[in-house]
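This report refers to the structure that appears directly beneath it.
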Amino acid sequence: MHKDIDVFGPKQKGQVFLDQLEKKQFLFSFVISYTETCTIPGITVAGKTPEVLPYTSPADAEFLNFGYCKCINAIPMTPDGKPTPALLTKTALESASIPNIVINAGSKIAPQLPCFETGLSYGKNILIEPAMSLDDVTHAVEYGRLIGRSLGSTTDCLVIGESIPGGTTTAQTVLTSLGINGTVSSSMQENPVSIKQKIAIDAAKRTDSKNQFDIVANGGDPMIPTVAGILSTASAQTKVILAGGTQMAAVLAFSKITGYNKDNVALATTSYVTDDLTSNLVEMVSQIDDVPVFSVKLALGNSKIDGLKAYANGFVKEGAGAGGASLAAMLKIGITSEQLLELTEKQYREIISQ
């Protein structure tokens, strides 16, 4: 058992899953997207100003691959200078020589790098109108299935991360509409639970359909059906780790209709999400299916850098697949949280201090 990884849900199954991936090969896929829901005041800090929110996801993708951003002139930050969790992801992937692939699933701004391009439209503001057309949801699943078939055949484990500002609010809406009880996490220290739940309830009133595709079209975002599609075909061939916080619970819930091989699926996140008293990821996943949840205990609370230490104090918590990428590095090369912290601080000083 790795000292920096906690297993929730079916513990024995989770432990077997981890054991099977020791020293194996991983591929990280990064799904970027956008929902106009992120423009609702008070639900996200995934950008310094509302104007830069559409750039957050493509900037994360560029930063992961180049160490700098092309579409904006700085790496994505919270308004007071806390760095994107893509910094944690980049450090982990590089430490273990894990390749990454970017998938554009409805980002408002296209990333300036080679990627899988789905051609999907970005999600609309679910407070005002349905997120997507039913056709868009169907296409997203189809494109995801094609991508998952390609990627699943190339690796021992496919790790799927995501970046979509405002995505926990659309996740809350989908989970609520699907009858899953619980609250999603937040990138903010004070989780705006009541705002998100009100949006979820108001948006759900637009449709009385119980069809999962209708529910995602009404209150979701393009990332959810795309990742569900990837999961369905990739898990038929290899292990798949859904790397993210409560948004991946919404993906898993929708995936019940699109299908997946349960024995090959797990979720991975940071301990900052599983320790979050304002949300309950593990409990929500247990309502959906009998799959393990891995919680990676990062050592950011020991950092000498305020922007990193803030993660341990409830800010940001997770994103850009940081928990899953860290888990993959730990399993592949046996790196510890302390060693990852040292490398992350080095990256921070080199990149952020420029």
Looking at (1) in contact with an Asp or Glu (Cβ under 8 Å, 6 or more places away or on another chain); (2) crowded, with 16+ Cβ neighbours inside 10 Å; (3) of a type outside the set (A, V, I, L, M, F, W, C); (4) more than 19 Å from Ser337 (Cβ to Cβ), find the lone condition where Gln112 falls short. (2)
Condition set of a type in the set (S, T, N, Q) and crowded, with 24+ Cβ neighbours inside 10 Å, scope region 144-172, selection nearest to Phe63 (Cα to Cα): answer is Ser163
From the option list Thr269, Thr238, Thr274, single residue qualifying as within 26 Å of Ile75 (Cα to Cα), hydroxyl-bearing (Ser, Thr, Tyr) and touching a strand residue (DSSP E or B) at 6+ places or on another chain (Cβ under 8 Å) is Thr269
Determine whether Ser150 is more than 17 Å from the chain's Cα centre (by Cα), over 21 Å from Gly245 (Cβ atoms) and touching a residue at least 60 places away in the same chain (Cβ under 8 Å). no
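Table: residues versus (1) crowded, with 17+ Cβ neighbours inside 10 Å; (2) at pLDDT 95 or above.
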residue: Ser279; (1), (2): yes, no
residue: Ile288; (1), (2): yes, yes
residue: Ala299; (1), (2): yes, no
residue: Asp306; (1), (2): no, no
residue: Ser326; (1), (2): yes, yes
residue: Ala329; (1), (2): yes, yes
Can you name the condition, by its number, that Glu51 falls short on among (1) at pLDDT below 90; (2) assigned to a helix (DSSP H, G or I); (3) within 23 Å of Ala268 (Cα to Cα)? (3)
Within region 195-219, the count of residues that are under 16 Å from Gly123 (Cβ atoms), assigned to a helix (DSSP H, G or I) and of a type in the set (Lys, Arg) comes to 1
Members of region 300-323 that are touching a residue at least 60 places away in the same chain (Cβ under 8 Å) and in a loop (DSSP other than H, G, I, E, B): Asn313, Gly314, Phe315, Val316, Lys317, Glu318, Gly319, Ala320, Gly321
Might you check whether a residue that is closer than 27 Å to Val296 by Cβ, touching a residue at least 12 places away in the same chain (Cβ under 8 Å) and crowded, with 18+ Cβ neighbours inside 10 Å occurs anywhere in region 198-219? no
Can you pull out every residue in region 96-142 that is more than 13 Å from Glu36 (Cα to Cα), of a type in the set (A, V, I, L, M, F, W, C) and either assigned to a strand (DSSP E or B) or touching a Pro at 6+ places or on another chain (Cβ under 9 Å) (or both)? Ile101, Val102, Ile103, Ala105, Ala110, Leu113, Phe116, Leu120, Val137, Ala140, Val141
Scanning for something aromatic (Phe, Trp, Tyr), within 23 Å of Val227 (Cα to Cα) and outside any helix (DSSP H, G or I), does region 56-70 turn up at least one residue? no
With the structure loaded, tell me whether Val240 is crowded, with 17+ Cβ neighbours inside 10 Å and within 22 Å of Ser107 (Cα to Cα) or whether it fails that test. no
If I filter region 243-277 down to residues being β-branched (Val, Ile, Thr) and in a strand (DSSP E or B), which single residue comes out as surrounded by the fewest Cβ atoms within 10 Å (Cβ to Cβ)? Val265
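Take Glu142 and decide whether it is under 14 Å from Met223 (Cβ atoms) and at pLDDT 95 or above. Walk me through it before giving the result.
On the way: under 14 Å from Met223 (Cβ atoms): no; at pLDDT 95 or above: yes.
Against the criterion (under 14 Å from Met223 (Cβ atoms) and at pLDDT 95 or above), Glu142 does not qualify.
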So Glu117 fits all but one of (1) in contact with an Asp or Glu (Cβ under 9 Å, 6 or more places away or on another chain); (2) modelled with pLDDT of 95 or more; (3) surrounded by fewer than 17 Cβ atoms within 10 Å (Cβ to Cβ); what number is the exception? (1)
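The values are calculated or read from the model by the stated rules, or taken from the named source; none is laboratory data. Note that the structure is predicted; figures quoted are calculated from it, not measured. All Cβ positions, even for glycine, are placed from backbone atoms using ideal geometry, and neighbour counts span all protein chains on display.
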